[in-house]
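See below for the structure under consideration.
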Amino acid sequence: MPLFLKQTINATTDLLVWKITEDVATLFKNTPLRDVHLARFEKMLSDTHRCGFLSVRHLLKAAGYSDLNLFYDENGKPHLSDGKHISISHSFGFSTIIISAENVGVDIEMQREKIIRIADKFIGSEAAFLSAENQSLYIKNLSVIWGAKEALFKMCNSRSLSFKQDMHIQPFNLDETVGNAYINCHMTDFSKKFYFHFKEIDNYTLVYALEKES
Ligand SMILES: CC(C)(COP(=O)(O)OP(=O)(O)OC[C@H]1O[C@@H](n2cnc3c(N)ncnc32)[C@H](O)[C@@H]1OP(=O)(O)O)[C@@H](O)C(=O)NCCC(=O)NCCS
């Protein structure tokens, strides 16, 4: 299935999701790639990664862009040639992009038990409101927190940010699909509030983050 979702978030922000059901050859057909991106694509080890990468180019097309409008900085953060902000994520069967005049971040993750094993690496202040009593809800809550922190990381593009110590997700309700977070970086004096929204798509959690409330 091609374009799964195209949602206007606010006057200058669009969210697009691709459900990846095509194979590499189908996604590759008629997809222009800059030489540098083709070289990267050819080095990818798995078809899952290749499909994720190519499906993002189809999302760009659906948003009125192409791979020729996309470039990456030295940290791997994507940028658009017209100066708009873009954030990208792919995970197995889905990929997503968010494009905005404002700084934005997006993440999509498959909900997996594995996240419980790595929770200690990224859960800090959130331990105060998290409950592990119901495993299924615990995985959903951890997936939202992980996705929100990945989205914030992509917005800030700073290697000095610790997911555990510097990023704080405020208590949220799975039914409300919104939340807020703040960053207090212990290595710099950077401090800022962010807003995030999340949605479940099949067994995936998608989170996007904004600097303004909506
Ligand atoms: C870069 C990072 C955010 C990517 O996240 P991921 O879950 O592995 O993969 P996703 O599919 O969600 O995102 C990948 C996309 O992020 C984007 N990206 C890469 N580096 C980025 C950066 N520095 N800033 C913003 N976006 C970035 C790219 O567009 C990339 O996709 P593409 O290269 O195919 O275009 C992640 O690997 C990372 O480095 N996280 C921070 C490190 C950390 O502290 N991790 C966990 C601590 S417990």
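The values are calculated or read from the model by the stated rules, or taken from the named source; none is laboratory data. Since the model is a prediction, treat every value here as computed from it, not as a measurement. All Cβ positions, even for glycine, are placed from backbone atoms using ideal geometry, and neighbour counts span all protein chains on display.
Checking the condition of a type outside the set (Asp, Glu) and modelled with pLDDT of 95 or more, which residue from Met187, Met167 passes?
Going through Met187, Met167 in turn, the sole match is Met167.
Looking only at residues that are within 18 Å of Val17 (Cβ to Cβ) and among the hydroxyl-bearing types (Ser, Thr, Tyr) in the stretch 51-70, which one is farthest from the ligand (Cβ to nearest atom)?
It comes out as Tyr65.
Step by step: first the residues of the stretch 79-95, then only those that are more than 17 Å from Lys6 (Cβ to Cβ) and of a type in the set (S, T, N, Q), then the one that is nearest to the chain's Cα centre (by Cα). Which residue is that?
Ser91
Scan the stretch 51-74 for residues that are in a loop (DSSP other than H, G, I, E, B) and not acidic (Asp, Glu) and jot them down.
Ala63, Gly64, Tyr65, Ser66
Out of the residues in the stretch 162-178 that are crowded, with 21+ Cβ neighbours inside 10 Å and within 17 Å of Val104 (Cα to Cα), state the one that is farthest from the ligand (Cβ to nearest atom).
Applying the filter and picking the extreme gives Ile169.
Hey, could you check the stretch 71-109 for residues that are of a type in the set (Gly, Ala, Ser) and surrounded by 14 or more Cβ atoms within 10 Å (Cβ to Cβ) and say which is nearest to the ligand (Cβ to nearest atom)?
Ser89
With of a type in the set (S, T, N, Q), part of a helix (DSSP H, G or I) and more than 16 Å from the ligand (Cβ to nearest atom) as the only criterion, which of Thr26, Thr48 stands out?
Of Thr26, Thr48, the one residue that is of a type in the set (S, T, N, Q), part of a helix (DSSP H, G or I) and more than 16 Å from the ligand (Cβ to nearest atom) is Thr26.
Of all residues being free of Cβ contacts under 8 Å to residues at least 12 places away in the same chain and small (Gly, Ala, Ser) in the stretch 1-57, which is surrounded by the fewest Cβ atoms within 10 Å (Cβ to Cβ)? Just the residue, please.
Ala11
List the residue pairs whose Cβ atoms are under 9 Å apart, where the first residue sits in the stretch 97-113 and is without any contact (Cβ under 8 Å) to a residue 60 or more places away in the chain and among the acidic types (Asp, Glu), the second is surrounded by fewer than 21 Cβ atoms within 10 Å (Cβ to Cβ) and not in a loop (DSSP other than H, G, I, E, B), and the two are 6 or more positions apart or on different chains.
Glu113/Gln135; Glu113/Ile139
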